[in-house]
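I have placed the structure first, in the form of structure tokens, so that the comments after it can refer back to it.
FYI, it's all coordinate maths here, none of it is from the lab. Predicted, not measured: the structure shown is a model, and the values here were computed from it. Cβ: placed from backbone, ideal geometry, glycine included. Neighbour counts: every protein chain shown.
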Amino acid sequence: MPITVQTILLLAASNVFMTFAWYAHLRDLSAKPWWIAALISWAIAFFEYMIQVPANRIGYGTLTLAQLKIMQEIIALGVFVPFAVFYMDQPLKLDYLWASLCLVGAAYFMFRT
């Protein structure tokens, strides 16, 4: 499997964990003290880092540091929007489209040769 594909798949998996670690407590643990939410979020984030660190190590060299960062941001938005809409019951807004278009521009400048 090409290195770029491996990197994308691992970053996507890591972003699922990241998104749950950062935001799921707002729905699922809202009645609990903040420190319980923090401990549970840190536990989830452990798995994010166990995937994200290898993803960046695999991709670095084939991709530049800036390309890895922009790729991660694009993937993060791609994971966040369905999470916000389906898990957190937030409305789907045109702002997600505009943000995506900005990331397309960022990707263009980072990946042009």
Quick one: dipole size for the chain, taken about the Cα centre, charges +1 on Lys/Arg Cβ and -1 on Asp/Glu Cβ, in debye to the nearest 20. 160
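If packing is taken as the average count of other Cβ atoms within 10 Å, what order do 85-96, 21-32, 1-12 fall into, highest mean first?
Values: 85-96: 11.1, 21-32: 13.6, 1-12: 15.2.
Highest mean packing first, the order is 1-12, 21-32, 85-96.
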Full extension between Val5 and Ile36 adds, at 0.36 nm per residue less the Cα distance, a length in nm of 7.5 nm
Nearest 10 degrees, 0 to 90: helix 65-82 Cα axis against the chain principal axis: 40
For helix 94-111, what angle does its Cα long axis make with the longest principal axis of the chain, in degrees from 0 to 90 and rounded to 10? 30
Could you list, bin by bin from short to long, the percent of Cα-Cα pairs of the chain in 10 Å steps? 14, 37, 34, 14, 1, 0
